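Inspection log for the structure reproduced underneath, given as structure tokens.
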Amino acid sequence: MKVMIVVTHLLGTGHLSRALTLGRAFSQKQHQVFVVSGGMPAPQLDTTGLTLFGLPPLRSDGTHFTRLLDQYSEVADLNYMDARTEALEKALISFQPDVLITELFPFGRRALTAEFLNVLSAARALTKPPIILASIRDILAPPSKPSKAERTDEIIGQFYDAVLVHSEPSITQLSVSWPVSDLLARRLRYTGFVAPNSPEPHPDGLGTGEILVSAGGGSVGQPIFHAAIEAARKMQGHRWRLLVGGQDAPARIAHLTELAEGAPVTIESVRPDFRQMLPLAAASVSMCGYNTAMDLLQTGVPAVLIPFDDGNEVEQTLRARSLAHQSGFATVANSDLNAQTLAKAVKTVLSNKRRAKMTHGVDGANKSVEISEEIWKAKQ
């Protein structure tokens, strides 16, 4: 099959990372995969076996997801958005997919509704229309009013063959965060969690005994890094390593390095071998995005979760609550975050029994391929 995945990450890189994991699973089953990314470049992510095409990139203005900025941090005007819409349609027509997957839409990315609806309509108009699937994580941002859920149902009913829910229903059902109508329920296909293979420990031993601090690919994690530097001063027996991502990482690293003078802290850019460092680490400090949660569960590393909650976001808080009952997890709310609370939480998880690595329910990428193949063959 020819598989086209359309994804736009606006803040961190989690959405793109999950889409690429999904794409690699299709590629490993000998399908041709074309990923269209509408977010900022993320060269640290693995694109093995895929063709990656970039639209004119967008990012959100912090947590203001309706205020979209271009690569020069200017507000994206109508001409810029039209150029994206045209480029996406041309990519579709050129590739002629058998399977079209939209990541998150129509459950989110409402600011990009015009370009998504245009490509969906263009797909249905092809001589040989593809099957159309939505790809969504375990927990969504709940709709702020009923009309948003109703509009989502309308789009699903008009265009989509199925909705791939990347969760284990025995752990988290979509209804926890989204109203599931009868129409939507008929299209839901639970895949299990989408995650890369469990990482092997780093061959060079990097990360051994360290407290690894990561905070996504944007500036919203800066308060976590500030608290980590001061917490490190209070816990002199451990080396802390801060991994800083985003377009402005060099400037932020320089600022943090100045703040960390004399503290047992290493500060550097995000690393492609980060997952291999986790099994050797003493503990992890991070937000609680989907991909991060999978990494923590698969490696069993003790973890302090600081769920992202700016702009009335609740997704990460709900996910952190679902993890907090397990050994080796602690949660610190952003409103309570400081050196004292972070150091206390790290000491707590270090004292807990190290939990077992999760090995079941994380084959969602391969299950997604199987479901897609099944639906496509049924339509031939």
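The values are calculated or read from the model by the stated rules, or taken from the named source; none is laboratory data. None of the values given here were measured: they were computed from a predicted structure. Please note: Cβ atoms are built from the backbone with ideal geometry, for glycine as well, and neighbour counts cover all protein chains shown.
Only one of the numbered conditions (1) surrounded by fewer than 19 Cβ atoms within 10 Å (Cβ to Cβ); (2) outside the structural domain of VAL165 (by TED's automatic domain parsing); (3) not hydroxyl-bearing (Ser, Thr, Tyr) is not met by ARG186, and that is (2). Quickly run through the stretch 234-253 and pick out the residues that are farther than 19 Å from THR13 by Cβ and at pLDDT below 95. LYS234, MET235, GLN236, GLY237, HIS238 - these are the residues of the stretch 234-253 that are farther than 19 Å from THR13 by Cβ and at pLDDT below 95.
In the stretch 62-74, the residue that is farthest from ALA141 (Cα to Cα) out of those that are surrounded by 14 or more Cβ atoms within 10 Å (Cβ to Cβ) and of a type outside the set (Phe, Trp, Tyr) is GLN71. Scanning the stretch 72-103 for residues that are in contact with a Lys or Arg (Cβ under 8 Å, 6 or more places away or on another chain) and touching a residue at least 24 places away in the same chain (Cβ under 8 Å) yields a total of 6. The requirement of being in contact with a strand residue (DSSP E or B) (Cβ under 6 Å, 6 or more places away or on another chain) and among the acidic types (Asp, Glu) is fulfilled somewhere in the stretch 92-105, by at least one residue. Quick check on ILE156: is it surrounded by 18 or more Cβ atoms within 10 Å (Cβ to Cβ) and either over 17 Å from ARG319 (Cα atoms) or at pLDDT below 95 (or both)? The answer is yes for ILE156. A residue that is surrounded by fewer than 20 Cβ atoms within 10 Å (Cβ to Cβ), in a strand (DSSP E or B) and over 17 Å from the mean Cα position of the chain (by Cα) occurs somewhere in the stretch 75-89. Among what's in the stretch 50-74 and is of a type in the set (Gly, Ala, Ser) and under 26 Å from MET4 (Cβ atoms), pick the residue that is nearest to the chain's Cα centre (by Cα). Ranking the candidates gives SER60 first.
Candidates VAL314, VAL332, VAL346: the one that is within 22 Å of VAL194 (Cα to Cα) and either of a type in the set (Val, Ile, Thr) or out of contact with any Phe, Trp or Tyr (no Cβ under 9 Å at 6 or more places or on another chain) (or both) is VAL314. Filtered by the rule that a residue be assigned to a helix (DSSP H, G or I) and β-branched (Val, Ile, Thr), the stretch 341-380 gives THR341, VAL346, THR348, VAL349, VAL369, ILE371, ILE375. Within the set of pairs 6 or more residues apart or between chains, which connect a residue that is assigned by TED's automatic domain parsing to the domain that holds LEU296 and under 29 Å from PHE65 (Cα atoms) inside the stretch 197-225 to a residue that is at pLDDT below 90 and of a type in the set (D, E, K, R) with Cβ atoms less than 7 Å apart? Sorted first by the residue in the stretch 197-225, then by its partner, the pairs are SER219/ASP248; VAL220/ASP310. If you go through the stretch 117-138 and keep only what is of a type in the set (D, E, K, R) and buried (at least 17 other Cβ atoms within 10 Å of the Cβ), you end up with ARG137, ASP138. Considering PRO106, PRO142, the condition of being under 26 Å from SER181 (Cα atoms), under 20 Å from the mean Cα position of the chain (by Cα) and either assigned by TED's automatic domain parsing to the domain that holds ALA320 or modelled with pLDDT under 95 (or both) is satisfied by PRO142 alone. Scanning the stretch 69-114 for residues that are among the aromatic types (Phe, Trp, Tyr) and out of contact with any helix residue (DSSP H, G or I) (no Cβ under 8 Å at 6 or more places or on another chain), which turns out farthest from GLU154 (Cα to Cα)? Filtering first and then ranking leaves TYR72. Out of ALA320, ALA365, ALA303, one residue alone is over 24 Å from PHE65 (Cβ atoms) and free of Cβ contacts under 8 Å to residues at least 60 places away in the same chain. It is ALA303.
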